[in-house]
Every structure is written in C-alpha cells, then in structure tokens.
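Got a structure for you, written out below as structure tokens; questions coming shortly.
The values are calculated or read from the model by the stated rules, or taken from the named source; none is laboratory data. Just so it is clear, the model here is predicted, and its values are computed rather than measured. Note that each Cβ is placed from the backbone with ideal geometry, even for glycine, and that neighbours are counted across all protein chains shown.
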C-alpha cells in the first residue's frame, strides 16, 4: 500500500529537483570558472554555537578563541544564521581556516615584495579565485537557499551566473589594491540579487559571544569591553564597572567587525567578525563605532585599518619585531590573506581582495629593522631595570622577568624570573632610598615582590590586593604607594614592603575606578592616580587620605608630574590626547595663557578617514609620559603610531616625534654621565630598549631630541639568572627604573657613592642657582 503525499508535497519535490537541475546547468555552462560542487559549511551542531573567549595570562592567548590562525588565537568568525542556509554561530576551526585562507599555506601571503616589484593580479595567484575571494562560500549559500526554498530558485540561478561574471572581471586587477565594486557592472546586479535572497532567508538568531574568566587561567579578575562595533550594535561598548570571574555574554545581531579589549590590560585584544553568508568577502560593516572620541567612521577608514593591523601585530607573537644584535633584520608581519568587504565615506562597497597584501602596501612592509645593539657614545650612570613581562621561563606557568642593564657598559647584567614563586607578569618597579630592595609588582596577581637589588635574591612577598600595577615610594617616609588596578584603592605599605599600613579608596562615591599608573609628588604629599574607566584622575592628599577627582580625557592610563609638583599630566589612552591639570594656581598653557587644565591633541595632524599628515607629529594609544627631572621635556609613548611624542612642558606644545619600536610602553629618566638625562624606553612587542637624549647639548632647547642608542634585551652568556628563558627572550618591555633615582625629591636622598655619580645640576634639578647658574 502506498502512502499518499500531503497536498503540495509532490509540487515541492518537483520544484526542488528543477532547482537542482537548473543550478547544475548553470555550473555546467561555466565549468571552467564555477567550482564543480560548492560544499556547505561543516555542521556546527543543532542551533548556533556560541563563540567563547577565555581571557588568560598566557602570551598570544589573552583572548583565547580556541583557534590558531597563522599563530593568532584571539580571532573568531561567527556566521549570521539564516533560514534555509546551514551553519550559523561560531564557525568551526576548519571552516574558519578556509574562510580566512589560512589553509593555503604561504601561497597567498607576502605577495608584495617591494616598491619596485611587479604586483601580481588576482587571476595569477595559482589558487582558484573562487577560493581566494571566498566566493565559493557565497556560492554555497546561494545554492543551498535555491535548493531549500522554491521562491529562491530563480534569483539563486541569477546570482550564480553573476558571481561567475564578477570573477572574470576581478581576475585582471592587482592583489594589493582596494576595488570599488560599484564600478563593476556584475557586482551592482549581484548585490541587488543577493539582497533579494536575504529577504527570503531571514536571520533566525544572533551570534552569541561569551567572555570567560577562570581563576585557573587568569590569576586576577578581568573586565572586557568593546573597542569597535558596527553602528547600531546594541549595548556597545559593553563597559562593565566591575571586573569579574565567571562568564559574561553579549549578543551580536549585525554583520561586521567587533573588537574587544580588557579594561585591566588594554593591549589584550580579541575580535569577532560576524559574517552574513549572502555577502561576498568577510564584511567589516558599512560604518563602525570606535570607542575613541565617539568616532563613527566608514569601515574603509584609516583608523579602522590601522587598528586592525595593530591587532594582528599584537595578538600574534610571530608578528612581534625581532632585532638582531649585530646586523639589520627584516620585519614582515603576516596577516590573514582574506578578502575584506568595506565601505567608503560615500557608502560604496570596497573589496580588499587580500588583507595581507593590502596591509603590506599601505604600511610599507617588509620594513628593515636597524641593528639592535647601538650603544650611546656617552655612558649612562648606574643601572636600568626593565620589566620584560612577556619572557617565558622554564619551570614557570606565568610569564615575565625583571632585566637589569649596566648603564656604564650597557651589558645585560641580570634577569630575575623568580620561577620559585612563579612570578606573574611583573609590570612596574621602584626601589627604597638606600637602594637595598627592588619592589616588583605582579600585575596579574595580588602581590608585590621584594628582591635584593644587588644579588637578585628573593626577600619577601606582600599581599596587597587585586592586580597591583605600579609602585612608587614617598620621599621622606620611604613608604611604598601601590595602585590596585583591579580594585579601587591606593595601598600604602611600610618600607621594605613588610606590611600594609592603610588602603585609601580613590573614589569619593565608592564607584570602582581601577587606578593604574599613578605618580607621587617629590614631597610625598600628593598622589595622582588615573581612573581608567571613568575619564577622571583621583588626586590623593596622603597626609589626610582625602580624594578629589579631576576630569581628563578618555581612558586615562598613566600619570606624570612636573618636578615642582605644580601640575600633572594624564595619558588619555582612548582620548588620543594628553591632559594637563594644575594642582594649585593655574600652570597649564592654552593660547598663551595659564589655565587650570588644557588638552594636548595628539591627532591634530591626523584624519581618522584619510590618515596622518606626512612629516607631522602624530600619536595615539598613549601609555607612559614622564617629565624630565629638570622640567624641560616630556616624552610620551604611543602604541598606535609607534612614535614617541616630545612635549615641552614650559609651553605644553608638541615639539616633534621620534619613531619607536613596536608597542612602545614605558619610560623613565636616568642620569647621563657628565650631566643631562637619558630617557630609557621599553616596548612590549620588540626585544629592545631605546635610549633617547632629549637635550643632547644641554642647552635647554629640546628640538634636537633624538635616539642615541638601542639595546637588545636577550640574555647573554654573562647574564646572571635565577633560571633560564624558554621563549620570547627580551620581549614585553613595560616598567622602567633607572637607579640612582634622579627625580626631584628622590635625587636629594642619594648618599655616598651614588651621590658622587651625579653632577651638581643633576642633584639640584630645579634649583640651578645651587650650582651657580
């Protein structure tokens, strides 16, 4: 006995068969171009799988997506689920590799060799253009929908033919240039047809993203937030007031680029691209919100592409700069050779056919790195300690070490990795007035370590609170002042870090402000602490413990102070500015007048759409910004522009900028032999320290500031160590501590041989009359 089909079923089966035959016929007519059988994505389970980032303490896995793409583990792709098209949610590892073309080996990377070399065309790559441009993925979605939905049969056939036409039009174009798709007749028709298919395949669910902070993976709590998202993304920037352990979730409903950072450690980045299967390329979205200055920009803008390039150079350790001691080397970072769909200011669709080739062209890769060891003609005084926070050591689960440089012969004298306590991401350091101790913060933990400065031996560990970032001392009392980046307090500890004396909340209202790189005045009475997520600075009166708040720019991350204690400066990480604030009478400069506060715009010569003005100073994503002990100069380290901004505090004007290594981060001033100062500059993503002389002839004019030396931070055969480095030697430069201390208030405490190393002017940095000047 036969079973009678339901009404209409026979018709649906006939239509499905006709669609299959029709699509096959189109494929047969263009067999040389269209893939023989476009395969649907690998099944990812019933319902969209969420994307889950595990935020960890490990290099290259700070936002661990569970994938490894060209060495990058902080990126994921989510597919926007559409009815009638398989897949959706987190894309599997295999499908992500196919989508990003990371499964093609090196055939699609490093295609731009130099300015004089011929750039290949898209049709000459040796890889199917359908594959290289992800058009096979679009074709698969079109074919599935045409098969599964009878109403989609005709537009699916038309889209298939137009895709083939597009391939033929693209094949003669260069691989490294953005393509205005609106100028191609096949794309205009194709876009209309794909839009009609989208109506027949509505979005069925959002893409879910989880952020998991597990104490087994991250010793401290974390606080992820949004950096970039398509315009209209609900809840952006998802800022949290509290860091946490556990899992938090957001829903992404629009296709495009989403980028995230950790509020505790903002160089730790993750990204998701939500892909619409009925779109060509991997789309960034038409317009993007950037969590900086309330920017809304077209997705092909310079700032978006510059941030994406920065993302891949930070999150992939293979893309960190490696300097050789005695010879030049090549820096040629690799990005996914994926096609990216962007939009220009007029709303036109722009296809970047190969992101790796485009970035090579736009940013001038490969670059030649100078010889790593270039020693200054004039020695420094004493020693320089620098936190190489990303060094990996045998016997340690966590990363990081403190590296000591002899400033008289520039040797790498010592490294303290402290495997016996599994020292976790040492970030910043200071010393006592007698230079007996080295005080070392463990940023991703809750302790400050104390080492014997002379021998490197471990002395003690003081538990102070969540994620201590920076440590200084008060002159006079020699008490330690420690900022709890994961909390809401400044901690005062007894000399030698033997005990906690008190904790001072930095928020009068009790709101968690996450203080980071504070600065202490030379008289020990005032501490200024940047409150990263509030756009304010806490001004702490240490004798009374009272706190006032001063507004500054967006996401202030580090402080400095003039040697007289009259004003402070804030590095506004996401504000792309420096803010001057007076602590008493007006001392900040604006339009020729002294005012309470003023802003130094690091983007005065930068257009977020078009890029920096050639030859003009440009900064951004600024970290530390110390003022020289004599008050004549300030140097600010910029991650975005890879420059050091030189500012004259006597006018609050930018004088010039100097190139820096990748991820330049920390700086502090030390004495130069015979007079003057060196600024020692660290970089997170390069294995060198730079040495900057801001006034080479000591005439008070800083327009001749320049780099005078560079030093590779890898251990040598004579370096004294308490263990051995297993990876990333010399990387992760962050806190810098030159000894003897030369800042006003501390320099006067130098005694004996340390005092004899310094000139009269160095001992009296703001009272030249003491030296007969």
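To keep it simple, each residue is scored yes or no on (1) touching a strand residue (DSSP E or B) at 6+ places or on another chain (Cβ under 9 Å); (2) touching a residue at least 40 places away in the same chain (Cβ under 8 Å).
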position	(1), (2)
615	no, no
618	yes, no
621	yes, yes
637	yes, yes
677	yes, yes
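Restricting attention to region 166-192, which residues are without any contact (Cβ under 8 Å) to a residue 24 or more places away in the chain and surrounded by 18 or more Cβ atoms within 10 Å (Cβ to Cβ)?
184
If you go through region 579-634, how many residues are on the phi < 0 side of the Ramachandran plot and part of a strand (DSSP E or B)?
Of the residues in that region, 21 qualify.
On to the next question. Among (1) more than 20 Å from residue 252 (Cβ to Cβ); (2) in contact (Cβ under 8 Å) with a residue 60 or more places away in the chain; (3) not in a loop (DSSP other than H, G, I, E, B), there is one condition residue 77 misses while meeting the rest; what is its number?
So the condition that residue 77 fails would be (1).
Let me ask another. Within region 566-578, track down each residue that is in contact with a strand residue (DSSP E or B) (Cβ under 7 Å, 6 or more places away or on another chain) and part of a loop (DSSP other than H, G, I, E, B).
566, 573
Among the residues of region 675-730, write down those that are over 30 Å from the mean Cα position of the chain (by Cα) and either on the phi > 0 side of the Ramachandran plot or outside the structural domain of residue 654 (by TED's automatic domain parsing) (or both).
Answer for region 675-730, where residues must be over 30 Å from the mean Cα position of the chain (by Cα) and either on the phi > 0 side of the Ramachandran plot or outside the structural domain of residue 654 (by TED's automatic domain parsing) (or both): 675, 676, 698, 700.
Let me ask something else about it. Could you say which residue among 717, 729 is farther than 30 Å from residue 433 by Cβ and either surrounded by 24 or more Cβ atoms within 10 Å (Cβ to Cβ) or without any contact (Cβ under 8 Å) to a residue 12 or more places away in the chain (or both)? Please lay out each step first, then the result.
Working: 729 fails: either surrounded by 24 or more Cβ atoms within 10 Å (Cβ to Cβ) or without any contact (Cβ under 8 Å) to a residue 12 or more places away in the chain (or both).
The conditions single out 717.
Let me ask another. Under 6 Å between Cβ atoms, which residue pairs at least 6 apart in sequence (or on different chains) link something in region 317-332 that is more than 22 Å from residue 399 (Cα to Cα) with a partner that is assigned to a strand (DSSP E or B)?
325/712; 328/368; 329/369; 331/321; 331/367; 331/369
Let me ask something else about it. Quick one: would you say residue 336 is under 18 Å from residue 71 (Cβ atoms), touching a residue at least 40 places away in the same chain (Cβ under 8 Å), surrounded by 15 or more Cβ atoms within 10 Å (Cβ to Cβ) and touching a strand residue (DSSP E or B) at 6+ places or on another chain (Cβ under 7 Å)? Don't jump to the end; show me each part of the working.
Numbers: under 18 Å from residue 71 (Cβ atoms): yes; touching a residue at least 40 places away in the same chain (Cβ under 8 Å): yes; surrounded by 15 or more Cβ atoms within 10 Å (Cβ to Cβ): yes; touching a strand residue (DSSP E or B) at 6+ places or on another chain (Cβ under 7 Å): yes.
Yes; evaluated as a whole, the condition is true for this residue.
Quick one: would you say residue 341 is under 21 Å from residue 131 (Cβ atoms) and part of a strand (DSSP E or B)?
The answer is yes for residue 341.
For (1) surrounded by fewer than 22 Cβ atoms within 10 Å (Cβ to Cβ); (2) in the same structural domain as residue 425 (by TED's automatic domain parsing); (3) not in a loop (DSSP other than H, G, I, E, B), each residue gets a yes or a no:
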{"position": "455", "(1), (2), (3)": "yes, yes, no"}
{"position": "461", "(1), (2), (3)": "yes, yes, yes"}
{"position": "466", "(1), (2), (3)": "yes, yes, no"}
{"position": "477", "(1), (2), (3)": "yes, yes, no"}
{"position": "481", "(1), (2), (3)": "no, yes, yes"}
{"position": "496", "(1), (2), (3)": "yes, yes, yes"}
{"position": "513", "(1), (2), (3)": "no, yes, no"}
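Based on this model, can you work out whether residue 84 counts as assigned by TED's automatic domain parsing to the domain that holds residue 156, touching a strand residue (DSSP E or B) at 6+ places or on another chain (Cβ under 8 Å), part of a loop (DSSP other than H, G, I, E, B) and surrounded by fewer than 20 Cβ atoms within 10 Å (Cβ to Cβ)? Break it down into steps so the answer makes sense when it comes.
Values: assigned by TED's automatic domain parsing to the domain that holds residue 156: yes; touching a strand residue (DSSP E or B) at 6+ places or on another chain (Cβ under 8 Å): no; part of a loop (DSSP other than H, G, I, E, B): yes; surrounded by fewer than 20 Cβ atoms within 10 Å (Cβ to Cβ): yes.
So residue 84 fails the test.
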